[in-house]
Every structure is written in C-alpha cells, then in structure tokens.
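Q: Here's a structure for you.
Just so it is clear, none of the values below were taken in a lab; they were calculated from the coordinates. Keep in mind that this is a model prediction, so the values were computed, not measured. All Cβ positions, even for glycine, are placed from backbone atoms using ideal geometry, and neighbour counts span all protein chains on display.
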Amino acid sequence: MKPINLIIFGRQGSGKGTQSLMVTEEFGSVHISTGDMLRAAIEQATEFGLQAKTVMDRGELVSDEVISGIVAERLGQSDVMQQGFLLDGVPRTLGQAESLIAVLEGLDLSLDLVLNLEVPIDEVTSRMMSRGREDDTEEAIARRLGLYEQETAPLLEFFSEKGVFEVIDGLGSETEVFERLNAVITRVISDKK
C-alpha cells in the first residue's frame, strides 16, 4: 500500500486526537502533532528546535517560520517518507499552510487529503464542559473556539481550492466517526493507485 499523507482539522472537543490515533493505527501513517514535534525538535537540539526553545522560554508564541522549519525537518525523516503522515494541529495559519505546500513539493511528497471533523459548537462546548477540567470554563472554551474559527476558516478554504478537502460528520460514537473517515481515506487510496 502506498503511504498516504493527511491533515486533520477539527474544533477542540471534536474527537480529533482519538480519531487521529485510530487512523494512524489503521493506515500506518506517522501521527505528527505540533506539541510532539516541538518537543522532539527541542530535545534533538535541531536548528529550529533551538530557535523555538528560545522563544518559548520567553513565554512567547513560536513564529510561523520556526513552526514551518520544524515541520520541514520532521517531514524529511525516513519514517515519514516510508509510511506517510497525519498532521494534527499544523498548519494553524495561512502562512504555515503555504509553507507546508512548498515543503512537500521540495520533498517530492503529495498531500492526499485534508479532513475536517465537523462537530457543532454547542456539542464540542458540552463535551469540553463535561470533562471537568479547571481551564474548561464556558468563557475559556468560547474564546478558544472563537480563535479556532478565526485561524482555521481561511485554511479550510485554502485546501478546498486545492481539491483535497473533505468534511466528515464528527457526531456519533468513536466507531461511527472512524467508519466515515475510513471510507473517505480508503477511497482516496484506491484513487492513488
């Protein structure tokens, strides 16, 4: 089976983390989340990892340029080249999305599919409220979701124009949602052959 390269989007509370793990188990792609990538780059003291550490130590947000550099470093590694990838939490901005496309072209990798796990705001809010975390107040959740909409809406349009975008209904049990994801990914894989 050819490796498949995916990006997954979804509001906080949409079940994206759980579905990402199920997808990578099923299709063998390497799950790459922003946090894991940043930690690994810092631990390995890569060029961009060191830059990120300096910024984070000051309590600031890591720039698009540094995030894009870390993504490029990670996507060029042999496990990704052999198994494909599932990006989770990246890209977050239009700049990162444009940079990602350039990185993929430079590595001679294709982007096969961008998935958006669609769960309505009232549903993700109630899911997050029921987790009972201290930072999950209604105001904090509304702020995070608002920021997500603001940052992510342009990305969904960007990838939609590239013809690799699919919206997946994220309501239902984990298994039901995974079956929908699985069907779309399987169709894309069979089209790739």
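Q: For a footprinting-style exposure proxy, rank Val66, Val188 by other Cβ within 10 Å, fewest first.
A: The most exposed by this proxy come first: Val188, Val66.
Q: Suppose we keep just the alpha-carbon trace of the chain; what are its Rg and Dmax in angstrom?
A: Reported Rg and Dmax, both Å: 16.7, 48.
Q: Same structure, new question: Could you pull out every residue, at least 5 positions away or on a different chain, whose amide H is within less than 5 Å of the one on His31? Hs are placed 1.01 Å off N in the peptide plane, and Pro or chain starts have none.
A: Amide H neighbours of His31, under 5 Å, 5+ apart: Leu86.
Q: What are the extents of the Cα atoms of region 128-193 along their three principal axes, listed from largest to smallest and rounded to whole Å?
A: Over region 128-193, Cα extents along the principal axes are 48, 29, 14 Å.
Q: What is the chain's relative contact order, in percent, from Cα pairs under 8 angstrom and six or more apart in sequence?
A: Computed value for the chain: 31 percent relative contact order.
Q: If you plug each phi of region 32-41 into the Karplus form 6.51 cos²θ - 1.76 cosθ + 1.60 with θ = phi - 60°, what whole-Hz ³J(HN,Hα) values come out, in order, with x for Gly and Pro?
A: Here the 3J(HN,Hα) series is 10, 9, 3, x, 4, 5, 4, 4, 5, 5 Hz.
Q: Hey, another quick one. Quick one: Karplus J couplings for region 152-161, per residue in order, coefficients 6.51, -1.76, 1.60, θ = phi - 60°, nearest Hz, x for Gly and Pro?
A: In residue order, the calculated couplings are 8, 3, x, 5, 4, 5, 4, 6, 4, 5 Hz.
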